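Enquirer: Before I ask anything, let me first share the structure, which is written out below as structure tokens.
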Amino acid sequence: MRAPLSWLRELTPLATEPGDSQAVAELASELDSLGLVVEKVDRVGEGLDEVVLARVLEISPIAGADRIRRVVVDRGEGETVEVVCGAWNFEEGDVVPLAPVGSELPGGFKIERRKMRGQVSNGMLCSARELALSEDHEGILVLARPEGGQPASVELGQSLGEHLGIGRDVVFDLDIETNRPDCLSMLGIARDLAARYGLPLLVPEPVLAESEPAAASLASVEIEAPELCSRFVARVLTGLLPALSPPLVQRRLHLAGMRPINHVVDASNYVMLELGQPNHPYDLDQLGGRGLRVRAAHPGESIVTLDGEARILGGRPPRGGEEATAKDAVICNLNDLPVGIAGVMGGRASEIGEETSSVLVEVAHFDALAVGRTSRHLGLRTEASARFERGVDPEGLERAAARFCELVVQAAVAAGVEPPKVARGIAEATAVAFAPTRLEVRPARVNALLGTSLGADEMVALLSPVGYRAQPSEEEGTLEIVVPSFRPDVRAEVDVVEEVARTYGYRKITPTERRSPMVGRLERPQQLRRRLRRVLSGVGAHEAWTTSIVGAEEQLLAGVRSELVQLANPMVAEENVMRAGLLAGLLKALRYNAGHRNGWLRLFEIGDVFAARTNEEGRRLPDEREMLAVLLAREDDGAAQAVQVWRVLEDALGLAGVRLLQPGLAGDEAGDRAGEDLGDGLEPRLSGLHPARAAFLVADKEAARLEGSRPADDVVLGVLGEVDPEVLAAFGLYDRRVGWIALDMGRLLSAPRRPELAAPVSRYPSSDIDLAFSVAEEVPAARVEETIAVAAGELRETLHLFDVYRGPGLEEGRRSLAYRLRLVAQDRTLTDDEVAEVRRRCIEAVEGALGAKLRA
Amino acid sequence: MSQTAGGDDPVLPFTPAELAEIEAEAVAAVAAAADLAALEEAERLALGKRSRFSLLYQQLGQLAPAGRKEAGQRLHQLRRRLEDLVDERRSELEAAGRLARLRGDRLDLTEVVGGELAGHLHLVTEVREQLEDIFVGMGYEIAEGPEVETDWYNFEALNIGPDHPARGSTDTFFLELDGAQGESYLLRTQTSPVQIHLLERGRLPIYAVAPGRTYRRDTADATHLPGFHQIEGLVVDHGVTMGDLAGTIETFIRALFGGEVSTRLRPAHFPFTEPSAEFEISCQICAGAGCRTCSMTGWIELGGCGMVHPNVFVATGVDPEEWTGFAFGFGIDRLAIMRHGIADLRSFVENDVRFLSQF
């Protein structure tokens, strides 16, 4: 909402002068504090003082130039000035605005002496847009033309500002909240300011010289759909002659952001801006049946609106949660043909034109929800619909109708044409009489919510200037409040609480301390997240944020097999699903960095993934899970990086034995079958990973139980390994290995952990045994390690694989695995015999169970 | 050394000059020893069995007792001096040797290659964790909620009726899922649905904040992303006032920005709070003097807040006459770009390591 200061000052005597920037800033701050947020303050009218009236004396061509001409003007007192001009819309004798060298146009453009095609230009002739007077940039603003061979009688050299009567002004660009429809008008804004400054509000009271016959005899209005329109008022003007609005009206419309057209349309817009009441003038002679009717549109009914577009009404299926009867309101003539979309836009057929001699102005109160619905589904938002959908003043119809007539008459008088006749009274239809909202407000409740200690009388004093009527109620300690008709949003006591706070001033409410009686702390999932982030950044991984709304294709390419959650209304067709995994996003991030020659890196992300699952009733429901993913793209072996980083995570989180279950190794059917797609939804999967370099991470105690069967859904924490080279290629990444870890955060949280009780550390010396076995490739090293661990029993302090060897000295299909086992007892130094005994047991166990051979 | 004078002097097997000569020779030899082997040789020549010193020593036994004592003392002192000299020289040579050895092991510490750098957390995480820490310090719980919500949680219970423009498909992403009784599933447009989850939980009072990802149908540009992050606050207790709201905002903004910042409220409109407000902080760039960042106002709008609307309490089964509360919310990403002078919000989802590793 653009509000010129001069217009506001006409409605309340603000002391603020437009030239006083300090005072303007203070006024802007007050507007802010009233909730009328100032987005911008435009200074206008500056620069018009230096632009002067000049008469065109001579126009001549410039050699070699076909777009510009040399113009000699008289700028008064016989002083002539030569300029170069590219506009062709004026003639010798016309009076035009001249910006002399050294002057500065509105907007800060400085006029300098220039040379074009060898011709010196000592100033500039200006268009209306260059002077910030209107949007017109078709040509030079012609201020006067010779009449009947006589030069126009103007004072050459006079400043343009003086000539047009336009002084400096300030326009506040206000962001009006949806609950303040009253402030979509100069009157509403002025009302708030008047209350804040304790000034009177000068509500326009139109004075009309009415004449017979009565409007009601010239035209009639009908309401057929009371749910769409509660009241309809019309006035009639006859004997209309074409005219333009006076400069002041045009200027105000321009400053408020509207384009002046003719005195009728301008009056209509002016009333809407001034009073907040949208209205529409019709050419009465074009209205069949000489009247208007409001009814619900028939499905499929169409109308060509003022903008020339054909609009289809009433044929829309209801949205979810909307009543099936929700209808568009249409305005018809009395032959039942549509002539306008109620509250949104008028029709082209009954537009005001040069020939219009009788005008019917429609001033109605349409249902806010209905206008909102219609405007939304037509995708047509107008100044009128914006006001109606928030709610206009149902008590302001008569004033608006009269003000319209007054403005049209004034414009005709100013333009020197015979003013139209104003038919006596109104034609009107009332479907639903307006009843003001009455509320019981407890001052104690107001203070309790605000933390103030205002007396009931103080509250009344705050509310009265903004239109509330208040009196003590019969009930002790309460006020009976009558809400002003222009505040449809105020429906409950708490809304009045806000009004008290607003008019009192939010800034005057004293901040108080409120302490939580509870101990704040992070919950376990939050602690887990933080720990993971620290550990992963410790291994050099950067945290990424990839988008959750993605393309289905990239998800499939990255191995996603679950049913994707589709967006019903994506912004673009390529981003139409929710991600079901993090791989695609992180691969794209990797590719981006690789494209900037930073492709050797580690990234991780913690975020939600989504899938659809169908329940027993056949309904599709969302499955949302939090996942951690780590992408390991250093130059080392990808799978090895994944295992190493996983070991760091496992250790840092204190997990107790999560084991790797790798498909494709003989003798491990669990693994084999795990290679098939598991379950549905967001179950961790190996799809997208290298088939021979990936494994499930399975909670160990469960894994034991699952020996020989595929892992049950509830124990797989996640997967790790290497990204399938085909997937990498699909994302434009070639000739490299990329490690991958994906973990279900919820399951990670409940994974078994090391006991909290401390294990004592032995004070006795330990002994190491190194054991190297020749083991068939099919036997996972993990099985060897497990077997040694069981055989070593309680004396085992640590056990780890320290060497893997393939090559000469080993049979085909076997490799050497070398383990170091450290033994210690809590209560003694182990004897050589004891150590030898453990060694023997371990060798026996591994050779016996796994077909391995100790290497000499 | 004391020189005795007089004719009854005992007869000595050496003259003082002879001793001095022995000493001078030995001192010169020790000083000249360039390494430990040379030093050993010098020591052997000076004090060894065949040295002049030893020969003199061996003659002691033949002297009269009086002379023997005198001569013995002198020779002993000389030996002590020479031994000390050798020890001292040995330490010198050893230290020099060690130094020479280690010099050979020199490493220019500025020529070291490679090494791992730490990974960096996403800036949004850093800011979110900072906010969480502040509120934990104020005794708040950190609540969370799903990103896929129903229109009950995202709208209806928040007093946003079916005809509210925000419920249209212009602003909200709806999902092809089937809610119960015609309800729609959608991507939450705000973190406010967490308020409803907290209230429905039924454990009062509530002092909580809820950070998380939210979605709106905005085209990605320098200041918008269709997916972004917000933090929501909710306090419900007996006798909570708007003054408490103002005070709480002041407290956490001070904790966030340090002491030199002021806050203020101005009227606004949100369906789920009444009275509603925007809260502003004094501009951190110009300290309130007015600059481009704050459009010359000295204030920067940070978020929305207000007193919990009674309809929200009623929707969640909480008695609005017994309990009052306030809520507030603001964008984590916006706070981050403001604090770090980031020109384009899209930097956050590009995941350029050159950007990520700055924070």
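The values are calculated or read from the model by the stated rules, or taken from the named source; none is laboratory data. Keep in mind it's a predicted model, so treat the numbers as computed, not measured. Glycine also receives a Cβ, built like all others from the backbone with ideal geometry; neighbour counts cover every protein chain displayed. The accessibility values were calculated without ligands, DNA or RNA, using every heavy atom of the protein model including side chains. Shrake-Rupley method; radii C 1.70, N 1.55, O 1.52, S 1.80 Å.
Enquirer: What is the Å³ per residue value for the convex hull set by the Cα atoms of the stretch A:767-854?
Expert: Values: hull volume 7.0 nm³, N = 88.
Per-residue hull volume (Cα only) is 80 Å³.
Enquirer: Separate question: Note the full-extension length gain between A:GLU847 and A:SER473 as 0.36 nm times their separation in residues minus their Cα-Cα distance, in nm to one decimal.
Expert: Details: separation 374, 0.36 × 374 = 134.64 nm, distance 9.71 nm.
Fully extending the segment from A:GLU847 to A:SER473 adds 124.9 nm.
Enquirer: Given the stretch A:347-421, what whole percent of its Cα pairs are spread farther than 16 Å?
Expert: 63
Enquirer: Over all pairs of distinct alpha carbons, what does the Kirkwood formula give as the hydrodynamic radius of the stretch A:354-493, in Å?
Expert: For the stretch A:354-493, inverting the mean 1/r across all distinct Cα pairs yields 18.8 Å.
Enquirer: Does anyone have the angle between helix B:65-103 and the longest principal axis of chain B? Alpha-carbon axes, 0 to 90°, nearest 10?
Expert: Its long axis makes an angle of about 30 degrees.
Enquirer: Here's a follow-up. In sequence order, what are the phi-derived ³J(HN,Hα) couplings for the stretch A:489-495 according to the Karplus relation 6.51 cos²θ - 1.76 cosθ + 1.60 with θ = phi - 60°, rounded to whole Hz, with x for glycine and proline?
Expert: Per-residue couplings from phi come out as 7, 8, 10, 9, 3, 5, 5 Hz.
Enquirer: Considering only C-alpha atoms, what is the centroid distance from the stretch A:1-54 to the stretch B:94-141, in Å?
Expert: Centre-to-centre (Cα) distance: 57 Å.
Enquirer: Just from the alpha-carbon atoms, what are the Rg and Dmax of the stretch B:16-108 in angstroms?
Expert: For the stretch B:16-108, the Cα radius of gyration and maximum Cα-Cα distance read 17.3, 68 Å.
Enquirer: What number, rounded to the nearest 500 deg cm²/dmol, is the helix-based mean residue ellipticity at 222 nm of chain B, given -39500 (n - 2.57) per DSSP H run of at least four residues and division by all its residues?
Expert: Using -39500 (n - 2.57) per qualifying helix, the result is -12500 deg cm²/dmol.
Enquirer: Related question: Can you give me the Rg/Rh ratio for the stretch A:507-551, using Cα atoms for both radii and the Kirkwood formula for Rh? Can you show the working numbers first?
Expert: Numbers: Rg = 19.0 Å, Rh = 15.0 Å.
Across the stretch A:507-551, the Cα-based Rg/Rh ratio is 1.27.
Enquirer: Over the stretch A:486-640, what number does the Rg to Rh ratio reach, with both radii from the alpha-carbon atoms and Rh per Kirkwood? All intermediate terms of the calculation are to be shown ahead of the outcome.
Expert: Details: Rg = 23.7 Å, Rh = 20.1 Å.
That ratio equals 1.18.
Enquirer: Turning to a different aspect of this structure: With r defined as the distance between the Cβ atoms of B:LEU45 and A:GLU650 and R0 fixed at 60 Å, what FRET efficiency is calculated, to the nearest 0.05? The partial results should precede the final answer.
Expert: Numbers: r = 70 Å, r/R0 = 1.16.
Here the calculated transfer efficiency is 0.30.
Enquirer: With the calculation restricted to Cα positions, what are the radius of gyration and Dmax of the stretch A:129-211 in angstrom?
Expert: Computed over the Cα atoms of the stretch A:129-211, radius of gyration and Dmax are 20.1, 58 Å.
Enquirer: Next question, about the same structure. Label-point separation (nm) for A:LEU199 and B:ASP218, each offset 7 Å from Cα along Cα-to-Cβ?
Expert: Going from the A:LEU199 label point to the B:ASP218 one covers 3.6 nm.
Enquirer: Just subtract the alpha-carbon distance of A:GLU162 and A:ASN89 from 0.36 nm times their residue separation and send over the number in nm, one decimal.
Expert: Numbers: separation 73, 0.36 × 73 = 26.28 nm, distance 2.41 nm.
Roughly 23.9 nm would be gained on extension.
Enquirer: Using only the alpha-carbon atoms, how far is helix A:583-595 inclined from the longest principal axis of chain A? Give it as 0 to 90 degrees, nearest 10.
Expert: Taking Cα atoms only, the helix is inclined about 80 degrees.
Enquirer: Additional query: For the full complex of protein chains and a 1.4 angstrom probe, list A:ARG753, A:ARG387, A:ARG613 by accessible area with the highest value first. Walk me through the numbers on the way to the answer.
Expert: Values: A:ARG753 80, A:ARG387 10, A:ARG613 105 Å².
Ranked from most to least accessible, the order is A:ARG613, A:ARG753, A:ARG387.
Enquirer: Along the principal axes of its C-alpha atoms, what lengths does the stretch B:104-152 span, in descending order and rounded to whole Å?
Expert: Extents along the principal axes, in whole Å: 76, 28, 13.
Enquirer: Can I ask one more? For the pair A:ASP735 and A:ASN335, what calculated FRET efficiency results from E = 1/(1 + (r/R0)^6), where r is the Cβ-Cβ distance and R0 = 60 Å, to the nearest 0.05? Present the calculation step by step, with values, prior to reporting the outcome.
Expert: Values: r = 78 Å, r/R0 = 1.29.
Efficiency computed from Cβ-Cβ geometry: 0.20.
Enquirer: In addition: If the viscosity is 1.002 mPa s and the temperature 20 °C, what Stokes-Einstein diffusion coefficient in µm²/s follows for the stretch B:205-249 when Rh is the Kirkwood radius over Cα pairs? Kindly include the intermediate steps, with their values, before the conclusion.
Expert: On the way: Rh = 12.8 Å.
For these conditions, the coefficient is 167 µm²/s.
Enquirer: Using R₀ = 35 Å, calculate the FRET efficiency as 1/(1 + (r/R₀)^6) where r is the Cβ-Cβ separation of A:ASP175 and A:VAL572; round to 0.05.
Expert: Working: r = 29 Å, r/R0 = 0.82.
Efficiency, rounded to the nearest 0.05: 0.75.
Enquirer: Rounded to the nearest Å, what's the spacing between the alpha carbon centres of the stretch A:136-171 and the stretch A:505-562? Just the number, please.
Expert: Here the two parts' Cα centres lie 63 Å apart.
Enquirer: Run through all the Cα pairs of the stretch A:52-164 and give the fraction in each 10 Å bin from 0, expressed as whole percent.
Expert: All Cα pairs considered, the percentages come to 14, 49, 33, 4.
Enquirer: Any chance you could tell me what percent of the C-alpha pair distances in the stretch A:244-316 go past 21 Å? Intermediate values should be presented prior to the final figure.
Expert: Numbers: 1194 of 2628 pairs.
Considering the stretch A:244-316, 45 percent of its Cα-Cα pairs are separated by more than 21 Å.
Enquirer: Sorted from largest down, give the three principal axis spans of the alpha carbons of the stretch A:464-536, whole angstrom values.
Expert: Its Cα atoms span 66, 28, 24 Å along the three principal axes.
Enquirer: Then there is this: Might you list the cysteines of chain B that have no disulfide-compatible partner by the rule of another cysteine's Cβ under 4.7 Å?
Expert: B:CYS305
Enquirer: Shifting gears a bit: Binning every alpha carbon pair distance of the stretch A:86-149 at 5 Å from zero, what are the percents per bin?
Expert: 4, 17, 23, 24, 20, 9, 3, 1
Enquirer: The protein assembly as shown: Rg/Rh from Cα coordinates, Kirkwood Rh?
Expert: Values: Rg = 45.6 Å, Rh = 38.6 Å.
Rounded to two decimals, Rg/Rh equals 1.18.
Enquirer: Percent of Cα-Cα pairs more than 23 Å apart in the stretch A:524-749, please. Could the numbers behind the result be given before it?
Expert: Values: 11592 of 25425 pairs.
Counting every Cα pair in the stretch A:524-749, those more than 23 Å apart make up 46 percent.
Enquirer: What is the log10 of I(q)/I(0) for the stretch A:96-253, computed with the Debye formula using one identical point scatterer on each Cα and no solvent, at q = 0.10, 0.11, 0.17 Å⁻¹?
Expert: -0.72, -0.83, -1.23
Enquirer: Gain in length, A:VAL101 to A:ILE59, computed as 0.36 nm per residue apart minus the alpha-carbon separation, to one decimal in nm? List each step's numbers first, then the result.
Expert: Values: separation 42, 0.36 × 42 = 15.12 nm, distance 1.96 nm.
Contour length minus the Cα-Cα distance gives 13.2 nm.
Enquirer: Hey, another quick one. For the residue pair A:ARG619 and B:ARG354, what label-to-label distance in nm results when each label sits 7 Å from Cα along the Cα-to-beta-carbon direction?
Expert: About 5.1 nm, to one decimal.
Enquirer: Counting alpha carbon pairs within less than 8 Å and at least 6 residues apart, what relative contact order, in whole percent, applies to chain A? Let's see the in-between values first.
Expert: On the way: 1743 pairs, mean separation 70.2, N = 856.
That works out to 8 percent.
Enquirer: Modelled label-to-label distance, B:ASP344 and B:LEU36, 7 Å Cα→beta-carbon offset: nm?
Expert: 6.9
Enquirer: Rg and Dmax of the stretch B:193-343, Cα atoms, in Å?
Expert: According to the Cα coordinates of the stretch B:193-343, Rg and Dmax are 16.3, 47 Å.
Enquirer: Moving to a separate point now. Mind pulling the per residue volume of the convex hull built on the Cα atoms of chain B? Å³ is fine. Could the numbers behind the result be given before it?
Expert: On the way: hull volume 120.3 nm³, N = 359.
In chain B, the Cα convex hull volume per residue is 335 Å³.
Enquirer: If you don't mind, another one. Grab every C-alpha pair in the stretch A:210-430, bin the distances at 10 angstrom width from 0 up to the longest one, and report whole percents.
Expert: In order of increasing distance, the bins hold 9, 36, 37, 15, 3, 0 percent.
Enquirer: A further question follows. How far, in degrees from 0 to 90, does helix A:832-850 lean away from the longest principal axis of the Cα atoms of chain A, to the nearest 10?
Expert: Tilt relative to chain A: about 70 degrees.
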